[in-house]
C-alpha cells in the first residue's frame, strides 16, 4: 500500500526523559504531541515507521455517529481537535466536515439506527439526525435502491490517514519530542516498585513514565511484562479508486459498502461491516472474555484458521531484555487484503450507485485492528505497575478518537483534570 508521509527520525538518543511512548500510531503520536506541548521531555520509540500499521490503513472517517455511548464525550473532544489540526501542525491533514450518512434499505436496519439516535444522540445533544426516505434518496440521487431513511451527521468528517499522523509527529518534534523509528522497546525497567526506564534494541533509557500505544502488539508486550491484557485482532480490507467524478462529497455507509472521498479525487472504499477474524492461539486463551461480543456481532466477521495462526504461534511470548524481541522480527504487520470481501463491497457499490460504475481500483490493502472484549479502548494507568500507562484497544475507532485520546492520556500522565471522564476507559474494568 502507499506508505505514510515520511517522518525523519531523531539521531541523538537521550539517556533520560520524562515519558517514553511506545508506538508511533495515532494514539502514541497524539499523546506525545500533547505531552510535548505541555513541556514534558518525551521520546517515542516505533519498531517500524510512524503510522506504518493501522493508523495509515483505516478508512479515514472522523465520526460521532454510531459510537458506543462511552466514547461520545471523547469523540466530541477529538472532533474539536481535528478542526484545529491544520493550524496546529501547519500542514493540510485532509480534515473536512463533509457529513456522513448511514442509509437503510430495511425496517430492521432503520429501527437500529433509530434506537441509537434516541438512546444516545439525543441525550448527548449530538447534531446527528434521522432522515426521511425522501431525504435519504436525495442524498443519493442515482441510487437504484429506494431507501427507507437513515441517520446523518453533517458535522462528521474525514481526514487522510497517510498524512495526518506523520504531520502530528512532525509537529511533536517541533515541540521537542524525539522520535526514533526502527527501534523497538523490548521491555520495562523498575526501581523501588515503579517504572524507571525501558530497554530498547539499541540500549536503555531512563524515564518516569511509559505509555504503551502498541496497537495490535500491546498484548504481547504486556504478557512479557507480566501484565494481563485481553485483546484480539481482526483484519479489515480497504481499497482506493482512481480519481472519479461522482458528485459525492459526503461519506456514506449502506448495504455492503462504505466510502469517503479522498484529497486526490478518488475514493476509499470498504465493506460496510465485514472483517476477517483469524483464529489465533490467543483466540482460545481469550474465548470466555470475547464470547459475549462475538455472540452479538458474529455476522460482522468471517472466521478462518491459516498462516496467521502459525505466524503468531512462532513468535515468542516470553523473552529476556537482552534478547531479540518479536517486535524486531516483525517490524510492520502487512496482511493481505481479503479479495472476496472487497469484491462484495465494490459489487454492491456499483450496483447501488451507478455514479461508481466506472470506478477503477488503483490499490488494495489491509490492516490489523486491535479489539477489546467490550469494543472500547483502554486509556488508563495500570495500578500494578506504577508509572505504566496504556492507550490501546481502539477496536477500529482509533483514527477518529486519536487526538482526544492523546489529550486524555497526557492529562492522566501529568495528573491534570481530564477533559472527559476517564472511568469508561479504565484498564481494571476487565478484571472486576
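The values are calculated or read from the model by the stated rules, or taken from the named source; none is laboratory data. This is a predicted model, so every value here is computed, not measured. Positions of Cβ are backbone-derived with ideal geometry, glycine not excepted, and every protein chain shown enters the neighbour counts.
Miscellaneous remarks
- Residue among 392, 352, 372, 357 that alone is free of Cβ contacts under 8 Å to residues at least 24 places away in the same chain and either crowded, with 18+ Cβ neighbours inside 10 Å or out of contact with any strand residue (DSSP E or B) (no Cβ under 9 Å at 6 or more places or on another chain) (or both): 357
- Hey, residue 193 surrounded by fewer than 22 Cβ atoms within 10 Å (Cβ to Cβ), more than 30 Å from residue 260 (Cβ to Cβ) and modelled with pLDDT under 95 or not: yes
- Test: residue in the range 135-152 that is out of contact with any helix residue (DSSP H, G or I) (no Cβ under 6 Å at 6 or more places or on another chain) and at positive phi: no
- Checked against (1) in contact (Cβ under 8 Å) with a residue 60 or more places away in the chain; (2) within 25 Å of residue 190 (Cα to Cα); (3) buried (at least 16 other Cβ atoms within 10 Å of the Cβ), residue 381 passes all but a single condition, namely (1).
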